[in-house]
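Every read-out reported here was derived from the displayed coordinates using simple, explicitly stated rules and does not represent laboratory data. Nothing here was measured: the structure is a model prediction, and the numbers come from that model. Heads up, the Cβs are rebuilt from the backbone with ideal geometry, glycines too, and the neighbour counts pull from every protein chain shown.
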Amino acid sequence: MKIIFPELEKNRVASEAIKNFPDIEFIPAENLDQATAILKAGQADSMISGLDFSSRDVLIAYKDSIPLKSAYFSSCFICQKDGKILAIADGGVNKQPSKEQLYTIIEDTAKTFETYTKTQPKIALLSYSTYGSGGKNPDLEKYHYCMEQISANHPDWLIDGEMQLDAAVNHTVFTKKTPESPLKGNANILITPDLNSGNILYKALEQFAGFTIAGPIIQGFEVPLADLSRGSTKEDTILTLDVLIKSLERN
């Protein structure tokens, strides 16, 4: 397996992180254009970047070079702490997703999560409101559409919403607010209505709760891809590579 890592020879975090994957061949590159050209030519299986490049530049490079497999591309973050693993989407790509985009975000994120954890996706569609308790919500139509489509196409996954975060992940709150929910307060995939809330949520887990963050994992292209924050640590980079490699093995 070969993975392009443009920052490999220029960034200490990159060079330290790859030591955890002795069976993988990592390929450096001078810049994003050279890196994606190598990938497009079939000389590597995947690519990770972002330690020294903005997410915007990384995503444009992917978009301009790599064909799509899904209807849209998206991102998810895999957040891990003390054996607990959550996926958050979309916090890196889609600003205000349509219902069709949101469906693709949910589907691809659940597949990424399922591949990495080997556990059943339990998907919460997050909101300021639970089951309409907050009044009219412009995201409800999109959420209802996605719930119907996911339930029809992936009956082995659990999905519910719209709901507040505490009802999605806290068993005590679940018994009070959503006792009929199939998630039972055990959601492991958190879908946010827009890019703002997704990005803020993952960074809050990182900065205040001490989660290690993988990603964003870039989904929807013909090959699994990854971006990194310029603030990613060695641990974040290792986790991102671990998720990426397992996605490659599935792919």
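Here the Karplus relation 6.51 cos²θ - 1.76 cosθ + 1.60, evaluated at θ = phi - 60°, turns the backbone of segment 16-21 into coupling constants of 6, 5, 5, 4, 7, 10 Hz, with x for every Gly and Pro. About the centre of its Cα atoms, segment 69-219 shows a dipole size close to 260 debye [charges on the beta carbon of Lys, Arg (+1) and Asp, Glu (-1) only; nearest 20 debye]. Along the Cα-to-C-beta direction of Phe208, a point sits 7 Å from the Cα; which residues of segment 102-138 have their amide N less than 16 Å from that point? Counting only backbone N, you get 127-128.
Each residue of segment 197-208 was assigned a 3J(HN,Hα) from its phi angle through the Karplus curve 6.51 cos²θ - 1.76 cosθ + 1.60 (θ = phi - 60°); the sequence is 5, x, 5, 5, 5, 5, 5, 5, 4, 5, 7, 9 Hz, with glycine and proline shown as x. Scanning residues 5 or more positions from Ile159 or on other chains, those with amide H under 5 Å from its amide H are Ile123, with H placed 1.01 Å from N in the peptide plane. With Rh defined as the Kirkwood radius, the inverse of the mean 1/r over Cα pairs, the Rg/Rh of segment 157-251 is 1.02. Taking amide H atoms as placed 1.01 Å from N in the peptide plane, the amide H of Val223 has no partner under 5 Å among residues 5 or more positions away or on other chains.
Near Thr119, within a Cβ-to-Cβ distance under 14 Å, what is the net charge of the other residues, with Lys and Arg +1 and Asp and Glu -1? Provide the component values of the computation, followed by the final result.
Working: positive: Lys84, Lys111, Lys118, Lys122, Lys246; negative: Glu114, Asp156.
Counting the neighbours of Thr119, the net charge comes to +3.
Taken along the Cα-to-beta-carbon direction at a fixed 7 Å, the label points for Lys136 and Asp166 span 2.8 nm.
Calculated [222 nm] ellipticity per residue, helices only, for the chain: -12500 deg cm²/dmol; basis is -39500 (n - 2.57) per DSSP H run with n ≥ 4, divided by all residues, nearest 500.
Axis angle, to the nearest 10 degrees, between helix 234-250 and the longest C-alpha principal axis of the chain: 80 degrees. Computed log10 I(q)/I(0) for the chain at 0.11, 0.15 Å⁻¹: -0.56, -1.00, from the Debye equation with unit scatterers placed on every C-alpha and solvent omitted.
3J(HN,Hα) along segment 80-96, derived from phi through the Karplus expression 6.51 cos²θ - 1.76 cosθ + 1.60 where θ = phi - 60°, amounts to 9, 7, 6, x, 8, 10, 10, 10, 10, 8, 9, x, x, 10, 8, 5, 9 Hz, with x in place of Gly and Pro. Once the Cα atoms are used to define both axes, helix 140-153 deviates from the longest principal axis of the chain by about 70 degrees.
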